[in-house]
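Just below is one structure, and these are the notes that go with it.
The values are calculated or read from the model by the stated rules, or taken from the named source; none is laboratory data. Everything quoted here is computed from the prediction, not taken from an experiment. Quick reminder, even Gly has a Cβ in these numbers, built from the backbone with ideal geometry, and neighbours come from all protein chains shown. Protein only, heavy atoms only, side chains kept; ligands, DNA and RNA dropped before computing areas. Shrake-Rupley method; radii C 1.70, N 1.55, O 1.52, S 1.80 Å.
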Amino acid sequence: MLTSVNPATGQELARFPLMTTREVDAALQATVNAQRAWALSPHSERRALLMRIAQTLRERSAVLAPMITA
């Protein structure tokens, strides 16, 4: 297990399972594939998705801000 720790407080934030080389390679390939699909999608679709993400972040800013700045 890989543990993520807040360096300022020493508080454990999360634990992540260790991955094999094959699992890391598969995850990286999935990322490459996703980026290629994103690049091929129409500008209007990418814009609409980003606008929805921005709106959701604004709506949830009161909850997200303390997590980001803690």
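Points worth noting:
- All conditions but one from (1) at pLDDT 95 or above; (2) open to solvent by less than 100 Å² (accessible area, probe 1.4 Å); (3) more than 17 Å from the chain's Cα centre (by Cα) apply to Ala8; the one that does not is (1).
- Counting the residues of the range 33-60 that are open to solvent by 60 Å² or more (accessible area, probe 1.4 Å) and closer than 30 Å to Thr9 by Cα gives 4.
- Matching residues in the range 4-58 - criterion: being in a helix (DSSP H, G or I) and among the charged types (D, E, K, R): Arg22, Glu23, Asp25, Arg36, Glu45, Arg46, Arg47, Arg52, Arg58
- Residue pairs whose Cβ atoms lie under 9 Å apart, separated by 6 or more positions or on different chains, with the first residue in the range 3-22 and touching a residue at least 40 places away in the same chain (Cβ under 8 Å) and among the β-branched types (Val, Ile, Thr) and the second part of a loop (DSSP other than H, G, I, E, B) and open to solvent by 90 Å² or more (accessible area, probe 1.4 Å), do not occur.
- Note on the range 11-28: among residues that are open to solvent by 90 Å² or more (accessible area, probe 1.4 Å) and polar (S, T, N, Q), the one that is farthest from Ile68 (Cα to Cα) is Thr21.
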